[in-house]
Amino acid sequence: MGWKVRDQKPSTTGTAGELFDSALFRSGLKISHLRLILAIDDHRRISAAAEALGISQPAASRMLSEIETMLKAPVCERIARGVELTPYGEALARRARTIFLELREASREINELKTGSGGSVSLGSVTGPALNLAVPAIRQVMTAYPGIEINVQIENSNVLARELLAARHDFIIGRIPDDQPPRLFNMVEIGYEEVCLIVRDGHPLLDKPLVGAEDLPAYDWVFQPPGTLLRRAVEDSFVAAGVRLPATVINTSSIILTLSIVRNTNAIAPVALDVANLIAGNGTPAGEIRILKTEIPIRIKPYGLITAEGRALPPSAKLLYDLILKQGRA
């Protein structure tokens with residue numbers, strides 16, 4: 001089935017020549033310059049930006065100098081751990097992301113017109129909603145439109161929000177991180193994700209009918225990286241209960257690694273209840289985990305469907321978005 005993708009655009013009255021007759025393009029600004037600015041914004045080091053683009057650091061430095069000459073303003077400045085964009089650089093990076101997003105959408109639209117395919121969608125999600133919302137919706141879409149291509153990334157909300165702003169996803173299922181301005185996003189709240197604590201089968205704490213908060217710090221813990229919403233929610237629960245935080249902590253965003261560590265040690269890990277229910281007791285080695293019955297409440301912000309402000313969803317992404325929204329409100 002073919003899709004006709006027609007994003008709404010602001011009306012313009014200029015000719016193509018007039019639209020591209022900007023001072024920056026006339027001064028020699030190239031796509032490669034814009035790629036460098038975005039790479040610097042993403043990696044915060046010129047050497048890392050150069051490596052990401054497959055060029056040498058001297059070449060990246062020359063290009064940076066060219067950009068600053070064109071703008072007649074500095075675009076980045078050195079800080080203790082690398083570089084950061086100046087307000088001039090941030091303005092250019094913000095517009096550059098829009099340019100590359102439009103180019104990506106143009107490529108997507110042309111490909112769909114050529115192949116008659118069902119289009120493509122890029123979705124990011126935190127783990128729990130991915131299982132109980134995204135998977136059923138994806139199944140419906142693939143049944144109705146077998147030509148569609150769906151790309152899914154499972155990560156924490158902090159990473160997903162950055163990926164969304166970088167135009168690597170059409171939309172995400174998660175939460176707006178505290179370190180991001182809410183005005184950059186549009187969010188439709190869906191619900192709460194229940195969190196539980198998991199341990200290996202045979203863990204000493206399973207002998208207790210109800211595990212108290214004071215029992216938990218004595219064991220190693222597997223946490224999501226510092227600053228993530230789930231991590232902070234668990235830490236807040238410890239503080240509210242008046243107990244010390246665990247001394248030994250392993251940080252990882254990988255659910256596979258988390259399960260492996262928990263299954264082979266006495267470590268405790270907080271995970272989405274939907275994930276724990278899917279895995280626990282399923283007859284595989286990964287299923288050798290159990291859910292702790294504990295009195296410590298773990299409260300996390302509600303999740304929802306999140307899009308970038310001012311960015312319209314193409315039809316293929318809007319289809320999946322609507323199905324997930326319907327699934328969440330059922």
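The values are calculated or read from the model by the stated rules, or taken from the named source; none is laboratory data. This is a predicted model, so every value here is computed, not measured. Heads up, the Cβs are rebuilt from the backbone with ideal geometry, glycines too, and the neighbour counts pull from every protein chain shown. Side chains included, ligands, DNA and RNA excluded: accessible areas come from the protein's heavy atoms. Shrake-Rupley method; radii C 1.70, N 1.55, O 1.52, S 1.80 Å.
Assorted remarks:
- The single condition among (1) buried (at least 18 other Cβ atoms within 10 Å of the Cβ); (2) farther than 21 Å from VAL211 by Cα; (3) out of contact with any Lys or Arg (no Cβ under 8 Å at 6 or more places or on another chain) that VAL234 does not satisfy is (2).
- Residues that are basic (Lys, Arg), in a helix (DSSP H, G or I) and open to solvent by 50 Å² or more (accessible area, probe 1.4 Å), drawn from the stretch 48-102: ARG62, ARG94, ARG95
- Residue list for the stretch 201-214, filter: outside any loop (DSSP other than H, G, I, E, B) and either of a type in the set (A, V, I, L, M) or without any contact (Cβ under 8 Å) to a residue 60 or more places away in the chain (or both): LEU205, LEU206, ASP207, VAL211, ALA213, GLU214
- When the residues of the stretch 140-179 are filtered to those that are part of a strand (DSSP E or B) and not hydrophobic (A, V, I, L, M, F, W, C), the one that is nearest to GLU193 (Cα to Cα) is GLY174.
- Residue in the stretch 108-115 that is within 30 Å of ARG263 (Cα to Cα), among the β-branched types (Val, Ile, Thr) and free of Cβ contacts under 8 Å to residues at least 24 places away in the same chain present: no
- Restricting VAL239, VAL275 to those that are assigned to a helix (DSSP H, G or I) and either closer than 30 Å to ALA317 by Cβ or open to solvent by less than 30 Å² (accessible area, probe 1.4 Å) (or both) reduces the list to VAL275.
- Whenever a residue of the stretch 216-227 is on the phi > 0 side of the Ramachandran plot, its partners that are open to solvent by 10 Å² or more (accessible area, probe 1.4 Å), lying with C-beta atoms within less than 7 angstrom and at least six residues away or across chains, give the pairs GLY227/ASN158.
- The set of residues from the stretch 181-200 being crowded, with 16+ Cβ neighbours inside 10 Å and assigned to a loop (DSSP other than H, G, I, E, B) comprises just one member, GLU193.
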